[in-house]
1. Got a sec? Which of R328, R400 is farther than 23 Å from L190 by Cα, open to solvent by 10 Å² or more (accessible area, probe 1.4 Å) and basic (K, R)?
2. Can you go through F345, F311 and tell me which one is within 16 Å of the ligand (Cβ to nearest atom), in contact (Cβ under 8 Å) with a residue 24 or more places away in the chain and either surrounded by fewer than 16 Cβ atoms within 10 Å (Cβ to Cβ) or more than 18 Å from S127 (Cα to Cα) (or both)?
3. Take F378 and tell me if it is touching a strand residue (DSSP E or B) at 6+ places or on another chain (Cβ under 8 Å), of a type in the set (F, W, Y) and within 24 Å of N130 (Cα to Cα).
4. Can you confirm whether the stretch 172-184 contains a residue that is among the charged types (D, E, K, R), under 22 Å from T393 (Cα atoms) and open to solvent by 50 Å² or more (accessible area, probe 1.4 Å)?
5. Six or more apart or on different chains, Cβ under 8 Å: which pairs go from a residue in the stretch 32-58 that's free of Cβ contacts under 8 Å to residues at least 24 places away in the same chain to one that's assigned to a loop (DSSP other than H, G, I, E, B) and open to solvent by less than 50 Å² (accessible area, probe 1.4 Å)? Could you list them?
6. Just name the residue that is farthest from the ligand (Cβ to nearest atom) out of those in the stretch 73-85 that are on the phi < 0 side of the Ramachandran plot and of a type outside the set (A, V, I, L, M, F, W, C).
7. Is there a residue in the stretch 34-46 that is polar (S, T, N, Q), open to solvent by 10 Å² or more (accessible area, probe 1.4 Å) and within 12 Å of the ligand (Cβ to nearest atom)?
8. Restricting to the stretch 87-127, name every residue that is among the β-branched types (V, I, T) and away from the ligand (no atom under 12 Å from the Cβ).
Amino acid sequence: CVKGMQATCGSRILANYKAHYDATSVERLKAAGAIIVGKTNMDEFAMGSSNESSAFGTVKNPWDTTRVPGGSSGGSAAAVASGVVRAALGSETGGSVRQPASFCGIAGLKPTYGRISRYGLVAFASSLDNIGIFGQHVPDIAKVLSAIAGRDPLDSTSADVAVPNYAAELTGDINGKRIGIVRDLIGEGLDPDVKNSIEDAIDNLKKIGAVPVDITLPHAKYGIAVYYIIATAEASSNLARFDGVRYGFRSEEADGLRDMYMKTRDEGFGAEVKRRILLGTYVLSSGYYDAYYSKAQKVRALIKQDYTRAFETCDAILTATSPTTAFRIGERLDDPLAMYLSDIFTVSANLAGVPAVSIPSGLASDGMPIGLQLVGNFWGEAEILRIAGAYETAFPLVGRPSLFVG
Ligand code: GLN
């Protein structure tokens, strides 16, 4: 929310809704001297991986306008990638900053859960939601993070953990840093160009002093299933507030209160949001709660435990950010499962609550950027940003669109 600016969440149900207060992150950015240029397009209520679920049209990828920019915060990614702004905020529930950063050839951070106040961030799935940051380069992210991180009395889940000067932590020295490699995740299902790029990245990291170590994340393969139970359950509850009474759009056609609720929600929400509300309501229903929702919560605990164990032997974990480069507009619209699979490497950091950053690792044969992901331990933003910063300095992405600045 930016005071006085529209806050539509890419949805018809919030068309013309203007925020009447600043989110804490916005207030802190303004206090630090930043200029809020505007709001950007997104998948409706942050549900999507391509920007195609926005009620206001699809953002195009600045590298190739026949392709998606990724999602859900694709508008922010395109604004940074095309050089309109140096940095932008986005929301991160399951990869919505890292995946578009990867598709647009820029840097994107999802911080530790609780690192940045969510006051003024419209809720999708409250136990997974974070504010994330896009930067043209890692130092842009570091500056923004230092300005907005830290405890906020207006968000009880924001943590009272000291905020370092992240820019000062970008020393470039990553000598001896242990980089966890999950061999199972560099194989089947990965586009061959992405696979090669991740293998090159491992060699590159060695060249600048890091030490690869093999680790396992045995429950990572359940990430997508768990995410689409927990995220939809929480969304079905959070989105109950959009009823035509409190905010934005109200159906003109209605006959009585109940009819008004139903018609407003039917006309106001798009297909993907409806699909999620239906799924979420189903997994929370009395007959299925134990089979789906409770079980997903248990597997979520195991996914978190995998990370805690892994960080006993490594300082950061390297994976691809997304199994493919940016796909074409329209290509996955009829196949929600294929769309959901673009988040296979990103959702588990949200389920566990750990921080993760995506930076460019090179270009694929189709000329599109590939992203590599570094996942860190709790509150380890400085560590993963240092490794990411050292990497991008030593191996800068070549071939960025000419409208790039800086
Ligand atoms: N693409 C994922 C989804 O559709 C993640 C979205 C997000 O992080 N907001 O839910």
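1. Exactly one of R328, R400 is farther than 23 Å from L190 by Cα, open to solvent by 10 Å² or more (accessible area, probe 1.4 Å) and basic (K, R), namely R400.
2. After ruling out the rest, the residue left standing is F345.
3. When the stated conditions are applied, F378 does not pass them.
4. Checking the stretch 172-184: at least one residue is among the charged types (D, E, K, R), under 22 Å from T393 (Cα atoms) and open to solvent by 50 Å² or more (accessible area, probe 1.4 Å).
5. G57/N41
6. S82
7. No, that holds for no residue.
8. I106, T112, I116
The values are calculated or read from the model by the stated rules, or taken from the named source; none is laboratory data. Here the structure is a predicted model, which means the values were calculated and not measured. Every residue, glycine among them, receives a Cβ derived from its backbone with ideal geometry; neighbour counts consider all protein chains shown. Only protein heavy atoms, including side chains, enter the accessible area calculation; ligands, DNA and RNA are left aside. Shrake-Rupley method; radii C 1.70, N 1.55, O 1.52, S 1.80 Å.
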